[in-house]
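Note sheet for the following structure.
The values are calculated or read from the model by the stated rules, or taken from the named source; none is laboratory data. Everything quoted here is computed from the prediction, not taken from an experiment. Here Cβ is always computed from backbone atoms with ideal geometry, including for glycine, and neighbour counts include all displayed protein chains. Heads up: the accessible areas ignore ligands, DNA and RNA and are worked out on the full protein's heavy atoms, side chains in. Shrake-Rupley method; radii C 1.70, N 1.55, O 1.52, S 1.80 Å.
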Amino acid sequence: MEDSYRHKGLRRGLVNTLIEKGIKSKMVLEAIGKVPRHFFFDNAFVEHAYQDKAFPIGEDQTISQPYTVAFQTQLTEAGSGSKILEIGTGSGYQCCILLELGAEVYTIEYNNVLYERTRKFLPTMGYKAHFFQGDGSKGMPNFAPFDAILVTAGAPTIPTALVEQLKPGGRLVIPVGDDKSQKMIRITKKEGNKLVKETFDNFSFVPLLGEHGWGKK
């Protein structure tokens with residue numbers, strides 16, 4: 001795995017693209033600029049790594065579009081020492097961005113093939129997270145509460161279990177909609193368990209599988 005001057009230059013170009021598209025968090029942009037996204041691609045497809053688009057990774061899943069990763073990460077307001085639950089490990093790219101912010105990341109993947117691949121691969125890049133395989137739609141109550149929960153798959157509704165696992169002041173970032181398009185939602189838990197809901201742009205994610213998602217596969 002080589003991270004050449006050319007690759008770093010391509011990453012700088014990607015960061016500039018994200019700035020043009022409205023990403024404002026310097027911490028998130030710096031993280032995008034550090035993680036070698038081409039490591040997640042087969043050599044034959046490396047030229048796609050720094051284009052702002054999603055790309056298939058097998059198992060009917062994709063590595064998310066960099067803008068989507070940056071947008072969701074920005075909404076979590078994650079920083080050094082934040083305890084984050086990521087639902088949908090996938091390729092592990094989003095997890096690396098959160099780790100670059102200094103967060104402690106608990107990440108759960110429904111698909112066992114992706115889980116095994118990613119939990120072995122990320123440490124070879126120097127990234128350490130808590131990896132789990134299972135139904136992320138239920139959250140991870142044994143490790144709650146979390147400063148933020150980030151869901152990287154489209155849900156039909158907002159799972160109550162995830163809201164319950166937030167710390168006071170915590171944020172749930174989740175795409176909600178049908179199987180074709182979802183609105184990005186942020187739920188913030190205020191004092192007295194008051195919930196503040198914010199709705200953002202349309203996105204398109206793979207479906208959230210599990211008991212509180214679109215069912216089992």
Enumeration of residues in region 78-92 that are in contact with a strand residue (DSSP E or B) (Cβ under 6 Å, 6 or more places away or on another chain) and within 22 Å of Ile185 (Cβ to Cβ): Ala78, Ser82, Lys83, Ile84, Leu85, Glu86, Ile87, Thr89, Gly90
Breaking point among (1) farther than 18 Å from Met184 by Cα; (2) of a type in the set (A, V, I, L, M, F, W, C); (3) in a helix (DSSP H, G or I), for Leu75: (1)
Please state which of the following conditions Tyr110 fails to meet, knowing it meets all the rest: (1) in contact (Cβ under 8 Å) with a residue 60 or more places away in the chain; (2) closer than 17 Å to Ser25 by Cβ; (3) of a type in the set (Phe, Trp, Tyr). (2)
Selection count where residues are part of a strand (DSSP E or B), open to solvent by 50 Å² or more (accessible area, probe 1.4 Å) and either of a type in the set (S, T, N, Q) or touching a Ser or Thr at 6+ places or on another chain (Cβ under 8 Å) (or both), scope region 133-167: 1
Residue ID - surrounded by the fewest Cβ atoms within 10 Å (Cβ to Cβ), chosen from residues in region 1-40 that are in a helix (DSSP H, G or I) and of a type in the set (Lys, Arg): Lys26
Within region 62-70, is there a residue that is more than 28 Å from Gly215 (Cβ to Cβ) and more than 13 Å from the chain's Cα centre (by Cα)? no
Among the listed residues Leu75, Leu114, Leu101, identify the single one that is at pLDDT below 95, over 21 Å from Asn142 (Cβ atoms) and of a type outside the set (Phe, Trp, Tyr). Leu114
Starting from region 84-97, take each residue that is modelled with pLDDT under 95 and list its partners that are in a helix (DSSP H, G or I) and open to solvent by 10 Å² or more (accessible area, probe 1.4 Å), counting only C-beta distances under 7 angstrom and pairs at least six apart or across chains. Ser91/Phe40
Matching residues in region 177-187 (buried (at least 18 other Cβ atoms within 10 Å of the Cβ) and either farther than 15 Å from Leu209 by Cβ or acidic (Asp, Glu) (or both)) number 5
Would you mention how many residues in region 191-212 are over 16 Å from Val173 (Cα atoms) and in a strand (DSSP E or B)? 1
Could we say that Thr73 is under 19 Å from Arg12 (Cβ atoms), among the polar types (S, T, N, Q) and surrounded by 22 or more Cβ atoms within 10 Å (Cβ to Cβ) here? yes
Report, by residue number, each residue of region 161-179 that is closer than 22 Å to Ala70 by Cα and more than 19 Å from the chain's Cα centre (by Cα). Gly169
Residues within region 51-70 that are open to solvent by less than 10 Å² (accessible area, probe 1.4 Å) and modelled with pLDDT under 95, tallied: 1
